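The values are calculated or read from the model by the stated rules, or taken from the named source; none is laboratory data. Quick caveat: nothing in here was measured; it's all calculated off a predicted structure. All Cβ positions, glycine included, derive from the backbone under ideal geometry; neighbour counts span all protein chains shown. Heads up: the accessible areas ignore ligands, DNA and RNA and are worked out on the full protein's heavy atoms, side chains in. Shrake-Rupley method; radii C 1.70, N 1.55, O 1.52, S 1.80 Å.
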Amino acid sequence: MGIVNSEIKPFNATAFKQGEFVEISEADVKGKWAIFFFYPADFTFVCPTELGDVADKYEELQKLGVEVFSVSTDTHFTHKAWHDTSETIAKINYYMVGDQTGTITNNFGVMREGQGLADRATFLIDPDGIIQAVEITAEGIGRDADDLLRKVKAAQYVRNHPGEVCPAKWKEGEETLAPSLDLVGKI
């Protein structure tokens with residue numbers, strides 16, 4: 001079975017969030033939209049650009065009822081140290097999850113075998129704990145928070161409008177499609 005439309009697996013971890021260490025589990029995810037934003041390691045190169053990009057969209061994501069969990073196999077102590085020493089990372093107000101056991105990274109199937117590092121991967125999870133979207137990129141390819149925000153809005157629209165789907169490049173307020181026999185071969 002593929003990971004899209006599967007339920008997130010149980011986990012427990014410590015995260016750094018807004019100056020504190022907090023315990024989290026899959027129970028903290030259910031009942032709201034969530035983004036799990038995996039990245040290889042703290043104090044690196046592409047990772048801070050991505051995390052800073054998501055930080056710039058965090059307030060807008062919060063208004064949509066979305067919580068963000070960035071995850072690497074670094075410890076929560078390392079996340080705090082990075083937060084305290086990097087201007088870019090200091091902007092982060094979302095959870096920075098320490099997954100040094102690799103439980104969460106393995107649960108999502110994005111652990112690099114033999115390296116102990118997470119792939120660059122994003123998972124969008126609905127309030128039922130079901131994975132709705134996945135993006136995985138190669139080491140040198142950074143992700144785009146604007147496109148992630150677009151995907152969140154599309155997933156929320158589809159959930160709230162059964163029988164409708166969002167076409168390629170769909171943006172909030174644009175036309176959607178209602179799949180039917182009449183549309184076959186007409187698009």
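Quick rundown of the values:
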quantity: Residue pairs meeting the criteria (Cβ under 9 Å; at least 6 apart or on separate chains; first under 19 Å from E67 (Cα atoms) and at pLDDT 95 or above, in region 27-52; second among the hydrophobic types (A, V, I, L, M, F, W, C) and open to solvent by 60 Å² or more (accessible area, probe 1.4 Å)); calculated: F38/I136
quantity: Any hit, region 35-42, residues being out of contact with any Lys or Arg (no Cβ under 8 Å at 6 or more places or on another chain), part of a helix (DSSP H, G or I) and open to solvent by less than 20 Å² (accessible area, probe 1.4 Å); calculated: no
quantity: Among the candidates E23, E59, residue that is more than 26 Å from R150 (Cα to Cα), among the charged types (D, E, K, R) and either surrounded by fewer than 16 Cβ atoms within 10 Å (Cβ to Cβ) or free of Cβ contacts under 8 Å to residues at least 60 places away in the same chain (or both); calculated: E23
quantity: Breaking point among (1) in contact (Cβ under 8 Å) with a residue 40 or more places away in the chain; (2) in contact with a strand residue (DSSP E or B) (Cβ under 6 Å, 6 or more places away or on another chain), for N107; calculated: (2)
quantity: A81 being assigned to a helix (DSSP H, G or I), within 14 Å of the chain's Cα centre (by Cα) and of a type outside the set (S, T, N, Q); calculated: no
quantity: Near pairs, Cβ below 8 angstrom, 6+ apart or cross-chain, from region 168-183 (touching a residue at least 12 places away in the same chain (Cβ under 8 Å) and polar (S, T, N, Q)) to any residue that is open to solvent by less than 90 Å² (accessible area, probe 1.4 Å) and assigned to a helix (DSSP H, G or I); calculated: T176/Y157
quantity: Region 90-135: number of residues that are under 19 Å from E67 (Cβ atoms), in a loop (DSSP other than H, G, I, E, B), open to solvent by 40 Å² or more (accessible area, probe 1.4 Å) and acidic (D, E); calculated: 1
quantity: Every residue from region 140-165 that is exposed (fewer than 13 other Cβ atoms within 10 Å of the Cβ) and more than 22 Å from D56 (Cα to Cα); calculated: N160, H161, P162, G163
